[in-house]
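Where a number appears in this text, it was derived from the coordinates with a stated rule and is not lab data. Only a predicted model underlies this, so the values are computations on that prediction, with no experimental measurement involved. Ideal geometry is used to build each Cβ from the backbone, glycine not excepted, and the neighbour counts take in all protein chains shown.
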């Protein structure tokens, strides 16, 4: 397919530069409907981002005293991280539990998770009033070790490195660096274990972040179990994202899929749906427990109560049932609908904690409603993620088979590992 | 298990423990009094306030903020909130016992949510009692998000925004041994400056002496674990726009449980995962 990949180990710098320049050129059709919609938003968004970073938050952000955080934190960061949860769940299944079934989608999921952290954790920068100080908690211009946010900040950084290490063999394959790939490949297990630990802590940490705002969070949403709820919902949110992303990717990148992948893909989706339903059941059980324990059932008959039921019944219980039915009837379409509903549920849940159920007592006229600039910039982050994802999938072995030498390298590596153990 | 494997496992375990140690958060300071010094604070007796807004003027003059027109009574028509340029605000309330004025500002909590949520320690509870702000701030607004009184405000329209709120005149006057400007400016002694312990004694004394004039409650004595700014009132505090549902637990305590779990998970999780990984290893067919 691509002659460049078969390049010999020893290359001059000039060859390398020509290779990179050739790879930078766009592949495929340029005027697709997605590009026509996303390109102008990206262009406008980038201008707005630069403008905002120079002239300050107030120039683009909707003014709502008492609502310090908006959609950049509620949607981009909180939801982005929850949706990126698929990466650590699948690395757990594939590398720790050694389930070969999900191996075909592992690289796409890791890449998606890595980019999600780069872009959505990066979205924090947009919301920082003094963004040039973002390095302070890392370089020790005061370590605020009592702060949950301090923990989350460090974890974001470390997890990005772990995710990059997990994906790095694909980079090495792309560049044809055989020896470096072997070294990078040996880091995978350590990166996976470290990554899962970090994810456990910062997925729940994002929940712990809002706990200090107890007086400002509606009692139906506030519980001591917020960290646990965030952790569990991050699992099914992440898996739902994997299903959703797969739906689109298998169409867009259909030309690179191997026959093995096509044959096993339905089974993968069915397995994910079953897992999702189980995790959602755990989540709903916890939610019910919290509701009964908190004795807040009387609040259900208020407007906020209806909103709560929309989230918990409409966008968690119903997708949970749909996942089960889809699994039972082997109906992929139903599973896809379930995934979309479950994702909508996560979006609403995270935004509730940040600005909807937050200060629920403030009348609508004084509430936070995002400005058009904020929406454009939030979308810019999403589209930038998709563009970079597409660029990488077109060039590296994400869905397609890795080059023959890489497969051979892995096979030899496994054999050696077995010899050492026995 | 051969030597290399053993060393590898040991290495991963040690790395986990080290990281756990570094990244695990320290203990929260649970004491109201730091290093023997007592917190200073302000007792606000709303029965004495005449709504002259001298405190607003004094505050603005001390910190070079826009000077308010204190002759203008129209500001009382709406309940105002503190802003980046108005750190102390007098509001007028219609209550069961007629018109009452109440001045609102940062409460300087003993265990402030803004301080413990700050990831760069820019928000700081000083030994003297005030909660202050430092230039190493990232502007993440975590403090504003956690504040139960809505008093930590980031300047919106500035390319280099600062957190603006009452600092109890810490940098301008307290360090020189002077009392806060608002207290000095108050013509009716509605504002009283002293150590928190003295102020509580004084407040209790007034309640005992005039049991009919006050509700028998000091706002800020126990709210969110106690605050350095406290209030006396003739009417229930809800009527003066105060939140009475805040509880007596300090807000930082709400996330300590999570923070304590962090080092435990950091040490146990990698060991567990490595164990599962080994346990699922297949023997050669």
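Okay, helix-only estimate at 222 nm for chain B: each DSSP H run of n ≥ 4 adds -39500 (n - 2.57), divide by all residues, round to 500 deg cm²/dmol; what do you get?
-9000 deg cm²/dmol
Taking the alpha-carbon centroid of each part, what is the distance from region A:148-196 to region A:199-257 in angstrom?
21
Helix-derived [θ] at 222 nm for chain A: sum -39500 (n - 2.57) over DSSP H runs of at least 4, divide by residue count, nearest 500?
Details: 17 runs with 266 residues, N = 422.
Only helices count here, giving -21000 deg cm²/dmol.
If I take R0 = 56 Å and measure r between the Cβ atoms of residue B:79 and residue A:18 in this structure, what FRET efficiency does the formula 1/(1 + (r/R0)^6) give, to the nearest 0.05? If you can, show how the numbers build up before the last one.
On the way: r = 68 Å, r/R0 = 1.22.
So the FRET efficiency works out to roughly 0.25.
Please compute the contact order of region B:40-253 in relative form: average sequence separation of alpha-carbon pairs under 8 Å and at least six residues apart, divided by the residue count, as a percent.
About 29 percent, as a whole number.
Which whole number gives the average count of other chain Cβ atoms within 10 Å of the Cβ atoms across peptide A:116-128? Each step should come with its number before you reach the end.
Details: counts 0, 0, 0, 0, 0, 0, 0, 0, 2, 1, 0, 4, 7.
Taking all residues of A:116-128 together, the mean is 1.
Could you tell me the extents of chain B's C-alpha atoms along the three principal axes, largest first, rounded to whole Å?
Result for chain B: principal-axis Cα extents of 91, 46, 36 Å.
For chain A, calculate the relative contact order in percent as a whole number, restricting contacts to Cα pairs under 8 Å that are 6 or more residues apart.
27
With the contact rule set at Cα under 8 Å and sequence spacing of 6 or more, what percent relative contact order holds for region A:271-422?
Answer for region A:271-422 is 18 percent.
Using every Cα-Cα pair within the protein assembly as shown, state what percent have a distance larger than 48 Å. Show your work: numbers first, answer last.
Values: 60370 of 249571 pairs.
Cα-Cα pairs in the protein assembly as shown separated by more than 48 Å: 24 percent.
Would you calculate the separation in nanometres between label points at residue B:48 and residue B:197, each defined as 7 Å from the Cα along the Cα-to-beta-carbon direction?
Those two pseudo-labels are separated by 2.2 nm.
Points 7 angstrom from Cα along the Cβ direction at residue B:209 and residue A:37: gap in nanometres?
7.2
If you find the alpha carbon centre of region B:86-118 and of region B:36-60, how far apart are they in angstrom?
10
On full extension of the chain, what length is gained from residue A:408 through residue A:99, given 0.36 nm per residue of separation minus the C-alpha to C-alpha distance?
Computed gain between residue A:408 and residue A:99 is 109.2 nm.
Ranking A:401, A:29, B:125, A:415 by Cβ neighbours within 10 Å, fewest first, what do you get? Could the numbers behind the result be given before it?
Working: A:401 14, A:29 7, B:125 21, A:415 11.
Ordered by Cβ neighbours within 10 Å, fewest first: A:29, A:415, A:401, B:125.
Kindly list the residues of region B:142-159 that lie in the label zone of residue A:132, defined by a backbone N under 15 Å from the point 7 Å along the Cα-to-C-beta vector.
Taking a point 7 Å out along Cα→Cβ of residue A:132, the residues of region B:142-159 whose backbone N falls under 15 Å are B:158-159.
Report, as a whole number in µm² per second, the diffusion coefficient that Stokes-Einstein gives for region B:113-242 at 20 °C and 1.002 mPa s using the Kirkwood radius over alpha carbon pairs.
Using the Kirkwood radius from Cα pairs, D works out to 130 µm²/s.
Translational D (Stokes-Einstein, µm²/s) of chain A at 20 °C and 1.002 mPa s when Rh comes from the Kirkwood sum over C-alpha pairs? Mind showing how you got there, number by number?
Working: Rh = 23.1 Å.
My calculation gives 93 µm²/s for D.
FRET efficiency for residue A:285 and residue A:310, Cβ-Cβ distance as r, R0 = 25 Å, nearest 0.05?
0.80
Compute the separation of the alpha-carbon centres of region A:73-107 and region B:204-281 and state it in Å as a whole number.
35
Order the peptides B:257-264, B:54-61, B:146-153 from the highest to the lowest mean number of other Cβ atoms within 10 Å of their residues.
Details: B:257-264: 16.9, B:54-61: 20.4, B:146-153: 25.2.
So the peptides B:257-264, B:54-61, B:146-153, ranked by packing, come out B:146-153, B:54-61, B:257-264.
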